[in-house]
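Engineer: Here you go, one structure.
The values are calculated or read from the model by the stated rules, or taken from the named source; none is laboratory data. Computed from a prediction, not measured in an experiment: that's the story for all the values here. Cβ placement follows ideal geometry from the backbone for every residue including glycine, while neighbour counts extend to all protein chains displayed. Surface accessibility is based on the protein's heavy atoms, side chains included, excluding ligands, DNA and RNA. Shrake-Rupley method; radii C 1.70, N 1.55, O 1.52, S 1.80 Å.
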Amino acid sequence: MGIVGYILIAAKFPLPPIVIGFILGSIIENNFRTALIANQGNFMSLLSKPIAVGFLIFTVVMVALPILLSKMSAKKKAAAGV
């Protein structure tokens, strides 16, 4: 199992997202590298399509939302406890 596996189990990380990440990670990395080579290394050309910008915004919101919600709930709990 190893040290990383022990830490993930101790932190109660769910297994399916980790497995999906291992499977899809190399596929996404290869496709990203191919896209950069096709565009001569220009990252901004990958964001020239509206759907790509939409996916990027969606990803940022999905990553930031749980962080913001936990901070807001911590502030509410602190205000209610005072």
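Engineer: What number of residues within region 31-45 are in a helix (DSSP H, G or I) and either open to solvent by 80 Å² or more (accessible area, probe 1.4 Å) or at pLDDT 95 or above (or both)?
Structural biologist: Filtering region 31-45 down to residues in a helix (DSSP H, G or I) leaves 31-38, 43-45.
Narrowing the set further to residues that are either open to solvent by 80 Å² or more (accessible area, probe 1.4 Å) or at pLDDT 95 or above (or both) leaves 31-34, 37, 43-44.
Qualifying residue count for the region: 7.
Engineer: Quick check, is residue 79 modelled with pLDDT of 90 or more and either open to solvent by less than 80 Å² (accessible area, probe 1.4 Å) or in contact with a helix residue (DSSP H, G or I) (Cβ under 7 Å, 6 or more places away or on another chain) (or both)?
Structural biologist: Answer is no for this residue.
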